[in-house]
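For reference, the structure is listed below as structure tokens.
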Amino acid sequence: MKSPLFLALAASLAALASPALAADPTGLWQTPTNGGQVRIARCGQALCGTLVTSDHIRREPTARDENNKDASQRNRTLRNLPMLTGFTGGPTEWRGGSVYNPADGGTYRGTITMTNDNSLRLRGCIVAPLCKTQTWTRIQ
């Protein structure tokens, strides 16, 4: 019969030997501005994200992407609007993606970094060092 001390030591060593599970960025996230909620999903090998709702969408469910710099895109509804595209990497950081901001109609280069299971940091840049960073909180 093995002693409790031996079993505790073996469990500790096994935990050190196996890598920690990386946080999964897929799910529904609350943005810190405008009551936004974005669903992040896997799109092939990349991550993408769509705007599910916001204060503006709740007030006007058929709100359009009226600030888009491309006039041909201004008729798109804000609900389910693609906001995050082409992020690759992992397990805790994804780069090379684009962040679309419907408030100003601009698209920015971005990075997503998981800070823990329920928090991520989204950074969007026109060009470094002209960047903005937000912390998003997991809803589900």
TODO: Using a 10 Å cut-off on Cβ atoms, rank the peptides 54-60, 84-90 from the highest mean neighbour count down.
DONE: 84-90, 54-60
- [ ] Name the residues whose placed amide hydrogens come within less than 5 Å of the amide hydrogen of Phe87, ignoring near sequence neighbours (fewer than 5 apart) on the same chain.
- [x] Leu47, Ser98
Task: In order through the range 55-68: 3J(HN,Hα) via Karplus (6.51 cos²θ - 1.76 cosθ + 1.60), integer Hz, x for Gly, Pro - done: 4, 4, 5, 5, 6, 9, x, 9, 3, 9, 7, 5, 8, 4
Open item on the list: Give me the extension gain from Thr88 to Thr135: residue separation times 0.36 nm, minus the current Cα-Cα distance, reported in nm with one decimal.
Closed with: 15.0 nm
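Let me know the whole percent of all Cα-Cα pairs from the range 15-140 that are separated by more than 19 Å. Intermediate results must be reported in sequence, preceding the final value.
Details: 3783 of 7875 pairs.
In whole percent, the long-distance tail amounts to 48.
Every number here is computed from the coordinates shown, using simple stated rules; none is lab data. All values reported here derive from a predicted model rather than from experimental measurement. Every residue, glycine among them, receives a Cβ derived from its backbone with ideal geometry; neighbour counts consider all protein chains shown.
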